[in-house]
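Below: one structure, written as structure tokens.
The values are calculated or read from the model by the stated rules, or taken from the named source; none is laboratory data. What you are looking at is a predicted structure, and each value in this text was computed from that prediction instead of being measured. Every residue, glycine as well, gets a Cβ built from its backbone with ideal geometry; the counts of neighbours run over all protein chains shown.
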Amino acid sequence: MGTIRGRYIYPLKTKTSLYVHVPFCSRKCVYCDFTSVVNDKLISSYFEAIEKEVDLISSYTEPVIFTIYFGGGTPSHVNVDYISKLMKKIESAFEINAQEITLEMNPEDVTDEKCRQLKFFGVNRISLGLQSSSNEILRVIGRPYTLENFLKRYDTVRKHFDNVNIDLIYNLPFERLSDVESDLRIIEKTKPDHVSFYELELHEETPLYSMVNAGVAKLPSEEVSEMMYDTIIDGLEDLGYKRYELSSWTLEKPSIHNINYWQNGQYIGIGVSAGSHIGTERSVNLSDINEYLSKIRSNLLPREYHKNNTLEEEIAETIFMGLRLAIGINEKDLRAKFGSELTEIYLGKLDKFKEYFLENKDGFLRFTKDGMKFSALVLSELV
């Protein structure tokens, strides 16, 4: 059963993740293309707006929230009281059975008191952004701390939380293979429960794009970048980390929230630029904070994009996301959900990759080791 709003049916009591976008930052990193704002004067009105958005959403769907993720931007930049008040609103609006509540932190925001408060309010997982162990690279990309600062703040976080992720990026400007090897030594030293290691994506609208084009910043060559990738894969494996998703490794605590995304599960996004997947409906909020606030003040959902997926779109997204996971896609489940005919059509698009990049094992279609390396090539068939 479900509730009907317009022509869309919203499932009742469905296990759902909740994402909260907190766009505020102390400064903008040169590589960042996420929706972020360097304007603390808007914090109060923004949190009032997202509380109102929670009320608007809860008026037409009744999810059971099993994971919550505060991302950004920099959620740790705002006063914890805003997070606390929002948590109370979420708890009053939805049924909560949260297994995992994650909050992203930057090292410069970490204090004993903030960690104590966050834990008291229910946060049980911290994602801490390092990005690079090189102080020179941190300076170039606009991160306001040094490795030494990071290590001190990491120790503080560790006193309060037993589930901590460290974020790293490779292929950064002026980065050498030795810098990636240094990153791995920091992982060995700190032993986080989880590691996210992303390849830099260069976006035209970022300052870094202009810096590279002007010759002010130089990115590693394709050959060096490939060597970095191989070093990361082998190095993390040697340290005992299991790769369970293209950019994610863990000792024994994978991200429950992110797995739900990759399995094309149901999730609600609140705040600027946040996306939602409820039933077969996809929506994305406005990315301009002033337009977002204006919509909310008019008691309207702040949608920039909104559509009901066809079965073809749903299966393409399910395969696209599911292949990111090391375990891959359960073909039996895919057929049960979408039917054998449609499943064969979409899996057939990938047949040409099965000799080298894809394999069938125990009823799952998944990437080979080489396939994970060239995943973008394979996944482009589904776009």
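Output yes when any residue across region 221-228 is closer than 29 Å to T14 by Cβ, of a type in the set (V, I, T) and modelled with pLDDT of 95 or more, and no when none is.
No: zero hits.
Can you tell me how many residues in region 32-64 are buried (at least 20 other Cβ atoms within 10 Å of the Cβ) and in contact with a Ser or Thr (Cβ under 6 Å, 6 or more places away or on another chain)?
1
Mind listing whichever residues of region 14-24 are surrounded by fewer than 20 Cβ atoms within 10 Å (Cβ to Cβ) and under 26 Å from K119 (Cα atoms)?
Passing the criteria: only K15.
When you scan region 277-383 for strands (runs of 3 or more DSSP E) that lie fully inside it, which ones turn up with 3 or more residues that are within 30 Å of D40 (Cα to Cα)?
Qualifying strands (runs of 3 or more DSSP E): 281-285, 303-308.
Pick out the one residue from I289, I315, I296, I270 that is under 30 Å from F364 (Cα atoms), surrounded by 16 or more Cβ atoms within 10 Å (Cβ to Cβ), touching a helix residue (DSSP H, G or I) at 6+ places or on another chain (Cβ under 9 Å) and of a type in the set (A, V, I, L, M).
When all the criteria are applied, what remains is I315.
Residue by residue through region 186-198, note down the ones that are of a type outside the set (V, I, T) and out of contact with any helix residue (DSSP H, G or I) (no Cβ under 7 Å at 6 or more places or on another chain).
E188, K189, K191, P192, D193, H194, S196, Y198
Please enumerate the residues belonging to region 19-59 that are of a type in the set (S, T, Y) and outside any loop (DSSP other than H, G, I, E, B).
Result: Y19, S44, S45, Y46, S58.
Looking at region 338-361, can you tell me whether even one residue there is hydroxyl-bearing (S, T, Y), touching a residue at least 40 places away in the same chain (Cβ under 8 Å) and buried (at least 19 other Cβ atoms within 10 Å of the Cβ)?
no
What's the number of the only condition in (1) surrounded by 18 or more Cβ atoms within 10 Å (Cβ to Cβ); (2) touching a helix residue (DSSP H, G or I) at 6+ places or on another chain (Cβ under 7 Å); (3) in a helix (DSSP H, G or I) that D183 fails to meet?
It fails just one condition, (2).
With respect to L365, determine if the residue is touching a strand residue (DSSP E or B) at 6+ places or on another chain (Cβ under 7 Å), closer than 30 Å to T231 by Cα and among the aliphatic types (A, V, I, L, M).
Considered against the rule, which asks whether it is touching a strand residue (DSSP E or B) at 6+ places or on another chain (Cβ under 7 Å), closer than 30 Å to T231 by Cα and among the aliphatic types (A, V, I, L, M), L365 comes out as yes.
Which numbered condition in (1) in contact (Cβ under 8 Å) with a residue 24 or more places away in the chain; (2) surrounded by 16 or more Cβ atoms within 10 Å (Cβ to Cβ) is the only one that H277 fails?
With respect to (1) in contact (Cβ under 8 Å) with a residue 24 or more places away in the chain; (2) surrounded by 16 or more Cβ atoms within 10 Å (Cβ to Cβ), H277 is out only on (1).
State all residues of region 194-220 that are modelled with pLDDT under 95 and among the β-branched types (V, I, T); if no residue qualifies, say none.
Selection gives T206, V212, V216.
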